[in-house]
2 protein chains.
Amino acid sequence: MTSMVDNRRQAMKLVECVPNFSEGRRPEVLDEIVGAMTAVEGVRLLDKEMDADHNRAVVTIIGSPESVLKGAFRGIERASGLIDLTKHEGEHPRMGATDVCPFVPVRDVDMSDCVELAEKLGERVGSELEIPVFLYEEAARRPERQNLAKVRKGQFEGLREEIGKNPEKDPDFGPARIHPTAGAIAIGARPFLIAYNINLGTDDLSVAKTIAKAIRQSGGGLRYVKAMGFELKDRGIVQVSINMVNFKGTPLFRAFEMVKSEAARYGVPVVGSEIVGLVPADALVDTADFYLRLENFKRDQILENRLGEDDEV
Amino acid sequence: MTSMVDNRRQAMKLVECVPNFSEGRRPEVLDEIVGAMTAVEGVRLLDKEMDADHNRAVVTIIGSPESVLKGAFRGIERASGLIDLTKHEGEHPRMGATDVCPFVPVRDVDMSDCVELAEKLGERVGSELEIPVFLYEEAARRPERQNLAKVRKGQFEGLREEIGKNPEKDPDFGPARIHPTAGAIAIGARPFLIAYNINLGTDDLSVAKTIAKAIRQSGGGLRYVKAMGFELKDRGIVQVSINMVNFKGTPLFRAFEMVKSEAARYGVPVVGSEIVGLVPADALVDTADFYLRLENFKRDQILENRLGEDDEV
């Protein structure tokens, strides 16, 4: 028989966006901002968190690149009308009503796509809302702006004085003057972070610490791995606790295999591992692909990926 | 910070349904039948195939249990008005306008759910369309009806004579008489089939054949595995070609590991494996879970599964 349907996945691009707003005390304000974002077709709310002490909210939306771009703009626009930095105080450093806004590739998009989204958003925010925009992390155009802490140094009040005078504070988009109430914004791109722990069959903490050091970037190990050793006292075992800061660059299975190999050096078995929080399906598919030694496996062979673009956010 | 959103996956149930229609020559007729099915909200067309010699079409739809149930009924209803078995001839054995209609669990549903769908559909088809219904495979109520070939023996013409006279031909639902034009229908439930090949680093076909025999159910091997050995002449290697007839009962990784272990007995490496066609994401997630030795991994930790029920078909 011959198939008469070609419904291979055409576009299942998924981007996450995690804007941080300087509002942690008025849920009704956050609701308005979130409402503006989710009113955009194809934008889905994954999470929203508020902290009164920090006076800050972290919102996670997901969807196609186009819809997330539009949603992020709508959120920033609404926040700029609702949050007044001259009246804002909280423990967390901040420089804008929308303080930071990173794009995160989730599926079928590269970091370069997310950098492009950051640039497009920055351009709109700068020109239409007249808020100065600093591109940061992977989207940074100056090496020193890769580090968000440096971009935000001095915060709203400091930046208000310096911007337009100090060329180091020239924004990448928008006017070289602070927005009187909405401040400034850092827009960027960063990889998805997976929190991943590997449990070892020993109560010897030094083994976990030694392995953590061996596998992490800073210890000469894997480029996109941060790791520390911990005790799990109630279980009488130890754990290598890992931040996989770029699961495409350093995949899960590679970290797992390296821990297993290093542990074997001490006669210690890996008794299990644990994914904390969310993980993109791709990270697990990559793992299956590795261990099954798959040849020519295509993502559109996954049945759920055939459900079609219009079923996706 | 405290999350204010609980959007853990509530229901992402997915069922596949693969009705076979006795129409392989008039695409416009098939289009009408398919249109009736996909007009049901939440029903998505995965595939449709026609064969003129067989004079038969195989349609694959997917969606929530409720929508697929409704879609299947609409298709059977439409087919009963458009296909006349008294005028049908083709190479493939058949007994009805809609000849067979199996439900296949894909995600978050058990075989028992699909058996229930088969029963509900059978009840409606029998009472509303007055077509005699035979439950087959996993939905069979008589052991001999597990085998579709036995259910369909005699085909439309033979059944027309026997039904109502021979108690062995009493339908599970509907009247004990053939529908004058739409015939009878076999409705059932069966597992998803994964076509999976494992390539061995040798040109010795006997190794592949011996391993195929060792791992398959019929040779004393794995319960839900059918396997044969083949040569891949252009690559100078051999292959164990597997039908995984129930990937929940016998998972991919178990077949892979058993082939690897048996091959090692001959000093032969597994050089790769290959999934032919579609695979449910669950089969790959189960594989990652196994090799990473994951503890307490929940399906709703997969980011894509958080996209919410209303984004799904």
* To do: Return a yes/no flag: does region A:141-158 have any residue that is in contact with a helix residue (DSSP H, G or I) (Cβ under 8 Å, 6 or more places away or on another chain), surrounded by 19 or more Cβ atoms within 10 Å (Cβ to Cβ), in a strand (DSSP E or B) and not small (G, A, S).
  => no
* Structure fact -> Among B:G63, B:G35, B:G42, the single one that is more than 20 Å from the chain's Cα centre (by Cα) and not basic (K, R) is B:G35
* Do you know which residues across region A:35-92 are at positive phi and polar (S, T, N, Q)? -> A:N55
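Could you check region A:8-46 and list, in sequence order, the residues that are small (G, A, S) and either more than 30 Å from A:L303 (Cβ to Cβ) or at pLDDT below 90 (or both)?
Step one: filter region A:8-46 for residues small (G, A, S), giving A:11, A:22, A:24, A:35-36, A:39, A:42.
A:A11, A:S22, A:G24, A:G35, A:A36, A:A39 - these are the residues of region A:8-46 that are small (G, A, S) and either more than 30 Å from A:L303 (Cβ to Cβ) or at pLDDT below 90 (or both).
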* Structure fact -> Requiring at least 2 residues that are away from chain B (no Cβ under 14 Å), the strands (runs of 3 or more DSSP E) wholly within region A:1-118 are A:98-107
* Check A:F192 against each of (1) in contact (Cβ under 8 Å) with a residue 40 or more places away in the chain; (2) closer than 25 Å to B:Y291 by Cβ; (3) not in a loop (DSSP other than H, G, I, E, B) and name the one condition it does not meet. => (3)
* **Close pairs from region B:248-269: first farther than 18 Å from B:K209 by Cβ, partner of a type in the set (S, T, Y), Cβ under 6 Å, at least 6 apart** => B:G249/B:Y224; B:T250/B:Y224; B:L252/B:T287; B:F253/B:T287
* Asked: Can you name the residue in region B:240-290 that is farther than 19 Å from B:R223 by Cβ, among the hydrophobic types (A, V, I, L, M, F, W, C) and more than 10 Å from every other protein chain (Cβ to nearest Cβ) and, of all such residues, is surrounded by the fewest Cβ atoms within 10 Å (Cβ to Cβ)?
  -> B:A264
* Asked: Pairs, please: C-beta under 6 Å, at least 6 apart or cross-chain, first residue farther than 14 Å from A:E128 by Cα and in region A:161-180, second among the β-branched types (V, I, T) and not in a loop (DSSP other than H, G, I, E, B)?
  -> A:P171/A:V133; A:D172/A:V133
* Please tell me if A:L232 is buried (at least 23 other Cβ atoms within 10 Å of the Cβ), within 13 Å of chain B (Cβ to nearest Cβ) and either touching a helix residue (DSSP H, G or I) at 6+ places or on another chain (Cβ under 6 Å) or modelled with pLDDT under 95 (or both). => no
* Structure fact -> Condition set under 12 Å from B:L252 (Cα atoms) and of a type in the set (F, W, Y), scope region B:190-227, selection surrounded by the fewest Cβ atoms within 10 Å (Cβ to Cβ): answer is B:Y224
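Would you point out the residue of region B:128-140, among those that are in a loop (DSSP other than H, G, I, E, B) and acidic (D, E), that is surrounded by the most Cβ atoms within 10 Å (Cβ to Cβ)?
Just the residues of region B:128-140 that are in a loop (DSSP other than H, G, I, E, B), to begin with: B:129-132, B:138-140.
Subset that is acidic (D, E): B:130, B:138.
Details: B:E130: 14, B:E138: 20.
The extreme case among them is B:E138.
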* Is it the case that A:S218 is of a type in the set (S, T, N, Q) and within 14 Å of chain B (Cβ to nearest Cβ)? -> no
* Conditions: (1) more than 14 Å from every other protein chain (Cβ to nearest Cβ); (2) β-branched (V, I, T); (3) closer than 25 Å to A:Q146 by Cβ. A:I194 meets all but one. Number of the miss? -> (1)
* When the residues of region B:189-227 are filtered to those that are within 27 Å of B:N20 (Cα to Cα) and aliphatic (A, V, I, L, M), which remaining residue is farthest from the chain's Cα centre (by Cα)? -> B:A227
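In this structure, is A:G164 small (G, A, S), surrounded by fewer than 21 Cβ atoms within 10 Å (Cβ to Cβ) and under 30 Å from B:F297 (Cα atoms)?
Details: small (G, A, S): yes; surrounded by fewer than 21 Cβ atoms within 10 Å (Cβ to Cβ): yes; under 30 Å from B:F297 (Cα atoms): no.
Against the criterion (small (G, A, S), surrounded by fewer than 21 Cβ atoms within 10 Å (Cβ to Cβ) and under 30 Å from B:F297 (Cα atoms)), A:G164 does not qualify.
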* Answer with yes or no whether B:V5 is modelled with pLDDT under 90, over 13 Å from B:T60 (Cα atoms) and among the hydrophobic types (A, V, I, L, M, F, W, C). => yes
* Structure fact -> Only one of (1) more than 30 Å from A:D204 (Cβ to Cβ); (2) in contact (Cβ under 8 Å) with a residue 24 or more places away in the chain; (3) in contact with a Phe, Trp or Tyr (Cβ under 8 Å, 6 or more places away or on another chain) does not apply to A:V245, and that is (1)
* Structure fact -> Per the filter on region A:159-173, residues of a type in the set (D, E, K, R), within 25 Å of the chain's Cα centre (by Cα) and not in a loop (DSSP other than H, G, I, E, B) are A:K169
* Out of all the residues in region B:192-219, which are more than 15 Å from B:E274 (Cβ to Cβ), small (G, A, S) and modelled with pLDDT under 95? -> B:S218, B:G219
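The values are calculated or read from the model by the stated rules, or taken from the named source; none is laboratory data. Since the model is a prediction, treat every value here as computed from it, not as a measurement. Virtual Cβ from ideal backbone geometry, glycine too; neighbours counted across all protein chains shown.
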